[in-house]
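Q: Pasting a structure here, questions to come.
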Amino acid sequence: MSDQTNPKTVLCFGDSQTWGFDPRGGADAIRYPFVERWTRRLGAKLGPGFHVVEEGLNGRTTVFDDPVMGGMSGLNDLLNILKSHMPVDLMIIMLGSNDVKTRLGVSGDEIARCLGRLLDVAIKSACGPDMQSPEILVLVPPPLGTLEGKWLELLFDAQNGHAKTERLRVSYPEIAALYGVHCYDTAKVLKPGEIDGVHIDPDGLEPLADALSHVVEQIFANNK
C-alpha cells in the first residue's frame, strides 16, 4: 500500500489526548510512555510504509486563546505545522475537548463551526502531495466521564460539559460532511474516562489505535 522508502505522512494534530496525557498522574501532566501512546501504536499497526507524526499540545483548543493558559489556539498553529511536515498525506485532527471548558462558554454547535475554520485552512493549505489538499480525518473527542470529586471538575462543568460533548457526536459529522472530509467517532471504541473523567484511560489506547488503523488503511485504499 505504501513505499517504505517514501512513507506516507500521517499528521496527528490535537490536544492532550494526542500528546498522550496519562490520567494516572493527575494534574502533574505525566505522559504515557512513548510506545504506549495511541499515536505510536497506530504507527506500529500501519507499518513502515507510514510515518505517523505526533503534534499534540496540552490545552489546545480549536480557535480560542485560553484566558488562563494563554495562547492555545489550534487555528494559530495549524498552517505552520502542516508546512513543516509537508507533504502531508493525511491529517488526523482531534480537538474540541478543551473548548468544552466552562470558562470558554461555547456550545457544541459553535465548537463544530470553529473546527470548520481549521478544516478550511487545511483544505486550502496545498500541503498535501503535489501541492494538493491532504486527506483529512476528523475524530470526535471521547465522551466525558464522571467529574465529581476529580481534579478537572472545576474546569469542566459536569452537566453542561457532558451535554456539549454529546452534541459533538452530531455536530462534528455534520461539519465534516460539509467540508467533504472523513469523520470517526471515538466513542465507538472509547468509554468515558474513569480515572479523571476527561483523558483516555490506559485500556482505551489499544482499541483506539486498532480502530484508526483500519480507518486509515481504508482511506488510502479508496484513493488508489
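Q: Please enumerate the residues belonging to segment 71-87 that are open to solvent by less than 30 Å² (accessible area, probe 1.4 Å) and either free of Cβ contacts under 8 Å to residues at least 60 places away in the same chain or of a type in the set (Asp, Glu) (or both). Break it down stepwise before answering.
A: Of segment 71-87, the ones open to solvent by less than 30 Å² (accessible area, probe 1.4 Å) are 72-74, 78, 81-82.
Residues satisfying the conditions are Met72, Ser73.
Q: Can you pull out the residues in segment 115-135 that are hydrophobic (A, V, I, L, M, F, W, C) and open to solvent by less than 50 Å² (accessible area, probe 1.4 Å)?
A: Within segment 115-135, Leu115, Leu118, Leu119, Val121, Ala122, Ala126, Cys127 qualify.
Q: Right, another one. How many residues are outside any loop (DSSP other than H, G, I, E, B) and not aliphatic (A, V, I, L, M) when one looks only at segment 150-197? Steps first, answer last, please.
A: Our first condition is that a residue be outside any loop (DSSP other than H, G, I, E, B); within segment 150-197, this holds for 158-179, 182-188.
Subset that is not aliphatic (A, V, I, L, M): 159-162, 164-167, 169, 171-174, 179, 182-186, 188.
Looking only at that region, the number is 20.
Q: Now, a different point. Scanning segment 88-106 for residues that are open to solvent by 20 Å² or more (accessible area, probe 1.4 Å), part of a helix (DSSP H, G or I) and not charged (D, E, K, R), which turns out nearest to Ala126 (Cα to Cα)?
A: Ranking the qualifying residues of segment 88-106, first place goes to Leu104.
Q: Continuing with this model, one more query. Just wondering, is there one or more residues in segment 206-217 that are without any contact (Cβ under 8 Å) to a residue 40 or more places away in the chain, open to solvent by 30 Å² or more (accessible area, probe 1.4 Å), of a type outside the set (S, T, N, Q) and over 26 Å from Ile81 (Cβ atoms)?
A: Within segment 206-217, the subset without any contact (Cβ under 8 Å) to a residue 40 or more places away in the chain is 207, 211, 214.
Checking which are open to solvent by 30 Å² or more (accessible area, probe 1.4 Å) leaves us with 207, 214.
Checking the rest, the ones that are also of a type outside the set (S, T, N, Q) come to 207, 214.
Then keep just the ones that are over 26 Å from Ile81 (Cβ atoms); that gives 207.
Yes, segment 206-217 contains a residue that is without any contact (Cβ under 8 Å) to a residue 40 or more places away in the chain, open to solvent by 30 Å² or more (accessible area, probe 1.4 Å), of a type outside the set (S, T, N, Q) and over 26 Å from Ile81 (Cβ atoms).
Q: Quick check on my filter: what residues within segment 125-149 are out of contact with any Lys or Arg (no Cβ under 9 Å at 6 or more places or on another chain) and in a loop (DSSP other than H, G, I, E, B)?
A: Hits for segment 125-149 are Ala126, Gly128, Gln132, Pro134, Pro141, Thr146, Leu147, Glu148, Gly149.
Q: Still on this structure: With respect to Gly145, determine if the residue is more than 22 Å from Leu75 (Cα to Cα) and open to solvent by less than 10 Å² (accessible area, probe 1.4 Å).
A: Details: more than 22 Å from Leu75 (Cα to Cα): yes; open to solvent by less than 10 Å² (accessible area, probe 1.4 Å): yes.
Judged against the criteria, Gly145 is a match.
Q: Still on this structure: Out of all the residues in segment 36-53, is one or more outside any loop (DSSP other than H, G, I, E, B) and within 23 Å of Arg117 (Cβ to Cβ)? Before you say what the answer is, go through the steps one by one.
A: Pass one, segment 36-53, residues outside any loop (DSSP other than H, G, I, E, B): 36, 38-46, 50-53.
If we keep only those that are within 23 Å of Arg117 (Cβ to Cβ) too, we end up with 53.
The answer is yes; a qualifying residue exists.
Q: Ala158 fails exactly one of the following numbered conditions: (1) among the hydrophobic types (A, V, I, L, M, F, W, C); (2) surrounded by 15 or more Cβ atoms within 10 Å (Cβ to Cβ); (3) at pLDDT 95 or above. What is the number of that condition?
A: Ala158 satisfies every listed condition except (3).
Q: Hey, Thr62 hits all of (1) of a type in the set (Val, Ile, Thr); (2) crowded, with 17+ Cβ neighbours inside 10 Å; (3) without any contact (Cβ under 8 Å) to a residue 24 or more places away in the chain but one; which does it fall short on?
A: Here Thr62 clears every test but (3).
Q: Additional query: Within segment 174-205, which residues are out of contact with any Lys or Arg (no Cβ under 9 Å at 6 or more places or on another chain), open to solvent by less than 10 Å² (accessible area, probe 1.4 Å) and either free of Cβ contacts under 8 Å to residues at least 24 places away in the same chain or of a type in the set (Gly, Ala, Ser) (or both)?
A: Listed by number, the residues that qualify are Ala176, Gly193.
Q: Separate question: Answer with yes or no whether Lys164 is surrounded by 14 or more Cβ atoms within 10 Å (Cβ to Cβ), touching a residue at least 12 places away in the same chain (Cβ under 8 Å) and within 21 Å of Arg24 (Cα to Cα). Talk me through it step by step, then tell me what you get.
A: Values: surrounded by 14 or more Cβ atoms within 10 Å (Cβ to Cβ): yes; touching a residue at least 12 places away in the same chain (Cβ under 8 Å): yes; within 21 Å of Arg24 (Cα to Cα): no.
No.
Q: Moving to a separate point now. Assuming Arg117 fulfils every condition listed in (1) outside any helix (DSSP H, G or I); (2) touching a residue at least 12 places away in the same chain (Cβ under 8 Å); (3) under 22 Å from Phe13 (Cβ atoms) apart from one, which condition is it?
A: Condition (1) is where Arg117 drops out.
The values are calculated or read from the model by the stated rules, or taken from the named source; none is laboratory data. All figures in this text were calculated on a predicted structure; none of them were measured in a lab. Cβ coordinates were reconstructed from backbone atoms using ideal geometry, including for glycine residues, and neighbour counts include every protein chain displayed. Please note that ligands, DNA and RNA were not included when accessible areas were found on the heavy atoms of the full protein model with its side chains. Shrake-Rupley method; radii C 1.70, N 1.55, O 1.52, S 1.80 Å.
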